Amino acid sequence: MLELLSLLVIVAPLGLFIHEFGHIVFGLWFGTDRSTLVIGSGRMILSKRFGKLTLQLNLLFFIGGYSFNEKQVAFNPWQQAWISLGGPLLNITFAAGLFISDLIQYGQILQLLFWFNLYLSLVNMIPFRTKERESDGFRFLKGLKQVVG
């Protein structure tokens, strides 16, 4: 029961934040005018702006998240591909950091955080599309295809 509670309250929101922040980092790197990072679903309970970045926390903070970067002049396909890759890259980097530092031996929450970030990284790189939703892997390949021709 404690594992489920820690997964819902700590691990999932933190892993989702890391993932979405990866998209934001690449968006900022490519000159976004405005970025928004949303964690959770349902009614908004908190919103805070930090320069170009708006962070929003929703009531069901352990269920999903998304981010978007806005730019007056649209991102080119190469930039879009890298922005899509940003989330999975930050997840795998974070998981690797936990593993290499051997921090995962110090508790179940850190172990869950390792596995959840690894899971987010791998699953999001699988290229698939359902209705209007595209995975990061799908968007990466789409951008790469536009660059290569």
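Structure notes:
- Annotation for region 83-100 versus region 17-64: alpha-carbon center distance of 17 Å.
- Of the DSSP H helices in the chain, those whose Cα atoms cover at least 15 Å axially and whose Kyte score averages 0.5 or more: 12-29, 77-101, 108-124
- Selection among ALA96, PHE138, LEU53 by position relative to the dipole of region 52-149 gives PHE138 as farthest towards the positive end (Cβ unit charges, Cα centre).
- Packing-based ranking, highest mean first, of 25-32, 121-128 given that Cβ atoms within 10 Å are counted: 25-32, 121-128
- Distances between placed amide hydrogens fall under 5 Å for LEU53 paired with SER35, all partners being 5 or more residues away or on another chain.
- Residue of LEU90, LEU103, LEU60 that the Gaussian network model of the chain assigns the largest fluctuation, springs spanning Cα pairs under 10 Å: LEU103
- Each other residue within a Cβ distance under 13 Å of LEU37 adds +1 if Lys or Arg and -1 if Asp or Glu, for a net charge of +2.
Readers should treat all values here as calculations from the given coordinates under stated rules, not as data from a laboratory. Everything quoted here is computed from the prediction, not taken from an experiment. All Cβ positions, glycine included, derive from the backbone under ideal geometry; neighbour counts span all protein chains shown.
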